[in-house]
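First the structure, in the form of structure tokens, and then the observations on it.
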Amino acid sequence: MSSFHIYGHRGSSGTHPENTLLSFQAAHKAGAQGIELDVQLTKDLVPVVIHDERLERTTNGIGFVKDFLYEDLVRLDAGHSFSSRFQGNSIPSLKSVLEWITSNSLMLNIELKNGRFPYDHLETKVLELLTHYHLYDRTIISSFNHYSIQRLTQNGCKVETAILLMEKLVEPWDYLQQVGANSIHIECGAIDEYFITNTHKRGIPVRAFTVNDPYQIAALKKAGCSAIFTDFPLVAMQSI
Ligand code: G3P
Ligand code: CA
């Protein structure tokens, strides 16, 4: 567990419209070892890559993702709100991102955004796609919804799973076992070397989000963190 990986958070979201194919391609070009993305479900149960439950912040749509059919959602613009330079980029389906990722060797972190709405079929739909594209070996599924992660692990999920945390837990290895998850993804300001060392010692990878400061990235690497998620993968790659 001595390697250290850089994941592009929502792709290269500091330089490109988050969670678009263009953003993922930029992270890849920057040399990142992996990408992180967020998944929600449309009204007709298509997994789509978008962070918010609502469309307004990142697209020209109005309303909830869950109320749109996929064919209507892909017509929206997911680039213009970042910069007019990126106008014309759409919300990608998870399928389209997975198809692209089979052409490279990037690692993938799929975050299930099922905290606010349970999206009953989300876990199954994501697993179906990962099976179809043979991506089990280089994917981590994470969520702030630990019941969702527990459901996956209780159903014999073969993909690595991670719980998302905003704060440290006391003896997280015990909790992790209860959920059945493999690793911890935690807000970077919440961790210290003691937490990383003690968790790592038990064979549990700790990955930190979202880290954009090159000095903090270097410090987390030194402290034994397994990976970080950053909005600026090019800067991060140059800092390690
Ligand atoms: O997966 C880590 C991080 O992406 C979780 O927070 O809000 O950026 O999805 P958020
Ligand atoms: Ca995320």
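The values are calculated or read from the model by the stated rules, or taken from the named source; none is laboratory data. This one's a predicted model, so the numbers in the text were calculated from it and none came from an experiment. Cβ placement follows ideal geometry from the backbone for every residue including glycine, while neighbour counts extend to all protein chains displayed. Calculation scope for accessible area: heavy atoms of the full protein, side chains included, ligands and nucleic acids excluded. Shrake-Rupley method; radii C 1.70, N 1.55, O 1.52, S 1.80 Å.
A few notes on this one:
- The stretch 143-198 versus the stretch 51-110: alpha-carbon centroid distance in Å: 27 Å
- Simple point charges give the picture: +1 on the Cβ of Lys and Arg, -1 on the Cβ of Asp and Glu, and for the stretch 1-54 a dipole about the Cα centre of about 160 debye.
- Local electrostatic count, residue 226, Cβ distance below 15 Å [Lys/Arg +1, Asp/Glu -1]: +3
- Think of each Lys and Arg Cβ as +1 and each Asp and Glu Cβ as -1; about the Cα centre, that makes the dipole of the chain roughly 380 debye.
- The slack between residue 120 and residue 96, meaning 0.36 nm per residue of separation minus the straight C-alpha distance, is 6.5 nm.
- Å² per residue, accessible surface of the stretch 66-185 at 1.4 Å: 52 Å²
- Computed in the context of the full set of protein chains, the accessible area of the chain at 1.4 Å probe radius has 51% of its extent on carbon or sulfur.
- Largest accessible area first, the residues 10, 54, 202 order themselves as 202, 54, 10 under a 1.4 Å probe with ligands, DNA and RNA left out.
- Accessible area in the full protein assembly, largest first, 1.4 Å probe, for 194, 136: 194, 136
- Charge dipole (Cα centre; +1 on Lys/Arg Cβ, -1 on Asp/Glu Cβ; no other charges) of the stretch 87-207 amounts to roughly 200 debye.
- Counting only the Cα atoms, the stretch 1-110 fills a convex hull of 100 Å³ per residue.
- FRET efficiency for the residue 104 to residue 69 pair, using the beta carbon distance and R₀ = 35 Å, is estimated at 0.70.
- Across the options 90, 153, 183, the greatest Cα extent toward the positive end of the charge dipole of the chain (unit charges at beta carbon of Lys, Arg, Asp, Glu) belongs to 183.
- Binning all Cα-Cα separations of the stretch 106-219 at 5 Å, short to long from zero, yields these whole-percent fractions: 2, 11, 22, 22, 20, 13, 7, 2, 0.
- For residue 201, a cut-off of 17 angstrom between C-alpha atoms picks up these lysines, skipping any fewer than 8 places away in its own chain: 168, 221, 222.
- Residues in the stretch 1-41 that a label on residue 197 would reach, taking backbone N under 14 Å of a point 7 Å out along Cα→Cβ: none
- Pairwise Cα distances in the chain exceed 33 Å for 13 percent of all pairs.
- For a straight C-alpha distance cut-off of 18 angstrom, the aspartates and glutamates reachable from residue 66 (same-chain residues fewer than eight places away being disregarded) are 38, 44, 52, 53, 56, 77, 111, 120, 123.
- For the chain, with +1 on Lys and Arg beta carbons and -1 on Asp and Glu, the positive-most of 115, 230, 218 along the dipole: 218
- For the chain, averaging the sequence separation of C-alpha pairs within contact (under 8 Å, six or more residues apart) and dividing by the residue count gives a relative contact order of 21 percent.
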